[in-house]
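Engineer: First the structure, which I've put down as structure tokens, then a few questions once you've had a look.
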Amino acid sequence: VKLSDIGEFALIERLAARVHNVEAGEVIVGIGDDAAVWKAGGAYYIATTDTMVEGVHFSPGSSSWGDVGWKAMASNLSDIAAMGGWPPYFALVTLALPAKTDVETAEALYDGLAECAREYGVAIVGGDTVRAPQAIVTVALIASAKLHAGKPRLLRRDKAQPGDVIAVTGTLGDSAGGLRRLQEGPAASDPLIRRHLRPQPRTNTGAEAAQRGILCGIDVSDGLLQDIGHICERSPVGAVLQAADVPLSAELRAAYPKDALQLACTGGEDYELVLVGRAPIIEKMAKELTSERITVIGKIVSDPEHRVRLLNDNGEEIRFERAGWDAFR
Ligand SMILES: [Mg+2]
């Protein structure tokens with residue numbers, strides 16, 4: 001059996017089954033969420049790691065090395081945001097590069113990492129440099145959780161309940177639209193391309209959502225339908241989304257009017273947040289938050305099959321060929 005036969009998520013399940021954590025009482029959230037959470041002393045720490053590989057996640061022809069560095073840091077910050085994590089943030093960075101790489105390339109990559117780190121208040125405190133056949137950047141990021149009555153306030157994938165509403169930050173599909181633009185040929189200073197190359201993770205919103213008592217969330221990294229699918233499997237529940245409510249930017253609608261919805265629902269790499277909670281809490285936050293919009297797009301239902309159903313205005317289900325990104329397919 002090959003990895004491509006079973007896919008990324010079945011692989012994660014198989015690997016998790018081989019792990020036997022001792023002192024599990026100190027592990028609050030283990031394998032299977034956006035980040036891990038553990039208790040040490042009186043504090044709760046949140047940690048995640050993410051890797052970008054040349055030829056898989058980026059190609060030097062269409063993004064600068066600085067962009068690669070930015071995105072490597074940003075994708076990790078997004079997973080911290082998806083747990084409701086708070087600063088200070090500490091990062092370890094592993095760079096794998098061919099020996100023939102120009103020194104300037106390595107420096108440019110690190111400048112992008114450092115620029116994102118500075119913008120979000122991340123201290124890069126160490127890492128590793130190794131030789132490899134192609135460029136690979138791995139960032140590991142550590143944050144902490146705020147406490148409430150001695151318990152950590154977290155956004156978890158397994159806390160959705162029937163009756164909860166589902167909301168998303170910002171607009172979706174811009175990154176996938178930007179990628180398509182890049183693949184079509186050179187197009188400088190396009191806002192969609194900028195969103196693809198320089199995503200802005202929602203760390204403040206994630207932290208505030210957790211602070212306000214929202215219990216469930218995930219970031220849109222693989223594709224909206226697939227990411228909400230992870231919540232449905234873990235909670236376990238179903239989700240019903242209204243296609244007309246999925247927030248699309250004017251730029252995306254103008255660039256790809258026919259495909260905008262599909263890009264928004266399956267494209268991924270938006271690094272926006274999905275927030276799931278009781279309607280009054282979500283609606284209050286949507287009203288009071290000024291930094292970006294929060295849009296209610298659907299609700300959680302009970303469903304033994306844990307389906308994510310996207311409906312048009314007539315209540316008919318819209319289906320796409322794939323729900324999102326799988327690392328091995
Ligand atoms: Mg994530």
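Read-outs throughout are calculated quantities, based only on the coordinates presented, and are distinct from any laboratory measurement. Since the structure is predicted, the reported quantities are computational estimates derived from the model, not experimental observations. Counting neighbours? That spans all protein chains shown, and the Cβs are built from the backbone with ideal geometry, glycine included.
Engineer: Rounded to the nearest 5, what % of DSSP beta bridges with both residues in the chain are antiparallel? Intermediate values should be presented prior to the final figure.
Structural biologist: On the way: 45 of 60 bridges.
That works out to approximately 75 percent antiparallel.
Engineer: Still on this structure: Give the long-range amide H neighbours of VAL308: residues separated by 5 or more places, or on another chain, with amide H under 5 Å away, using H modelled in the peptide plane at 1.01 Å from N.
Structural biologist: Hits under the 5 Å cutoff: ALA239.
Engineer: While we're looking at this one, here's another question. Residue by residue through region 110-117, what is 3J(HN,Hα) from phi via Karplus (6.51 cos²θ - 1.76 cosθ + 1.60, θ = phi - 60°)? Round to whole Hz and write x for glycine and proline.
Structural biologist: After applying 6.51 cos²θ - 1.76 cosθ + 1.60, I find 5, 4, x, 4, 5, 5, 5, 4 Hz.
Engineer: Among all the lysines, which ones have a C-alpha under 18 Å from LYS159's C-alpha, if same-chain residues fewer than 8 places away are not counted?
Structural biologist: Once the sequence-local lysines are set aside, what remains near LYS159 is LYS146, LYS151, LYS299.
Engineer: Further, regarding this structure: If we restrict to alpha carbons, what Rg and Dmax does region 1-138 come to, in Å?
Structural biologist: Expressed in Å, the Cα Rg and Dmax of region 1-138 come to 16.8, 48.
Engineer: Can you pull out the GluC sites (Glu not before Pro) in region 240-329 whose DSSP state is coil and whose Cβ has at most 11 other Cβ atoms within 10 Å?
Structural biologist: Details: sites: GLU251, GLU269, GLU272, GLU283, GLU288, GLU292, GLU305, GLU316, GLU317, GLU321; in loops: GLU269, GLU272, GLU292, GLU305, GLU316, GLU321.
Qualifying residues, ordered by number: GLU305, GLU316, GLU321.
Engineer: On to the next question. Relative contact order of region 35-116, please, whole-number percent, based on alpha carbon pairs below 8 angstrom and at least 6 residues apart.
Structural biologist: Over region 35-116, the number comes to 37 percent.
Engineer: To continue, here is another question. Within region 1-70, which GluC sites (Glu not before Pro) sit in a loop by DSSP and count at most 11 neighbouring Cβ atoms inside 10 Å?
Structural biologist: Working: sites: GLU8, GLU13, GLU23, GLU26, GLU54; in loops: GLU23.
For GluC sites (Glu not before Pro) across region 1-70 that sit outside H, G, I, E and B with at most 11 neighbouring Cβ atoms in 10 Å, the list reads GLU23.
Engineer: Which residue fluctuates the most in the chain, going by a Gaussian network model with Cα springs under 10 Å, if the choices are ASP33, ASP50, ASP227?
Structural biologist: ASP50
Engineer: For SER249, which sequence-distant residues (separation of 5 or more, or a different chain) have an amide H within less than 5 Å of its own amide H, given hydrogens modelled in the peptide plane?
Structural biologist: LEU172
Engineer: Mind listing the long-range amide H neighbours of LYS146? Cut-off is under 5 Å, sequence gap 5 or more, other chains count too, H placed in the peptide plane at 1.01 Å from N.
Structural biologist: The answer is TRP86, ARG153.
Engineer: Got the relative contact order for the chain handy, in percent, Cα pairs under 8 Å and 6 or more residues apart?
Structural biologist: So the answer I get is 22 percent.
Engineer: Can you put VAL296, VAL68 in order of Cβ neighbours within 10 angstrom, beginning with the fewest? Walk me through the numbers before you get to the answer.
Structural biologist: Numbers: VAL296 16, VAL68 23.
In increasing order of surrounding Cβ atoms, one gets VAL296, VAL68.
Engineer: Given springs between every Cα pair under 10 Å in a Gaussian network model of the chain, which of SER78, SER249, SER189 has the largest fluctuation?
Structural biologist: SER189
Engineer: Quickly estimate the mean residue ellipticity at 222 nm for the chain, helices only: each DSSP H run with n ≥ 4 gives -39500 (n - 2.57), and the total goes over all residues, rounded to 500. Write down the numbers at each step before the final one.
Structural biologist: Numbers: 10 runs with 111 residues, N = 329.
Result for the chain: -10000 deg cm²/dmol, rounded to the nearest 500.
Engineer: Applying the Karplus parametrisation 6.51 cos²θ - 1.76 cosθ + 1.60 with θ = phi - 60° to the phi angles of region 223-235, what ³J(HN,Hα) value in whole Hz is obtained for each residue in order, glycine and proline being reported as x?
Structural biologist: x, 3, 5, 5, 5, 5, x, 5, 4, 5, 5, 7, 7
Engineer: Which trypsin sites (Lys or Arg not before Pro) does region 219-282 hold that lie in a coil by DSSP with at most 10 other beta carbons within 10 Å? Show your work: numbers first, answer last.
Structural biologist: Numbers: sites: ARG234, ARG253, LYS258, ARG278; in loops: LYS258, ARG278.
Qualifying residues, ordered by number: LYS258.
Engineer: If you don't mind, another one. Got a sec? How would THR295, THR129, THR290, THR171 order by Cβ neighbour count within 10 Å, fewest to most?
Structural biologist: Numbers: THR295 17, THR129 10, THR290 6, THR171 22.
Going from least to most buried by this count: THR290, THR129, THR295, THR171.
Engineer: Now, a different point. Choose one answer from ALA72, ALA17, ALA47: the residue with the largest mean-square fluctuation in a GNM of the chain with alpha-carbon springs under 10 Å.
Structural biologist: With Cα springs under 10 Å in the chain, the top fluctuation among ALA72, ALA17, ALA47 is at ALA17.
Engineer: Label ILE31 and SER59 with points 7 Å out from Cα along Cα→Cβ: what is the distance between them in nm?
Structural biologist: Modelled inter-label distance: 3.3 nm.
Engineer: Further question on the same structure: Could you go through region 56-62 in sequence order and give the Karplus-derived ³J(HN,Hα) for each residue, using 6.51 cos²θ - 1.76 cosθ + 1.60 with θ = phi - 60°, rounded to whole Hz, and x for Gly and Pro?
Structural biologist: 10, 9, 7, 10, x, x, 10
Engineer: Using just the C-alpha positions of the chain as equal point scatterers, what log10 of I(q)/I(0) does the Debye formula give at each q in 0.06, 0.15 1/Å?
Structural biologist: Values, matching the q order: -0.20, -1.35.
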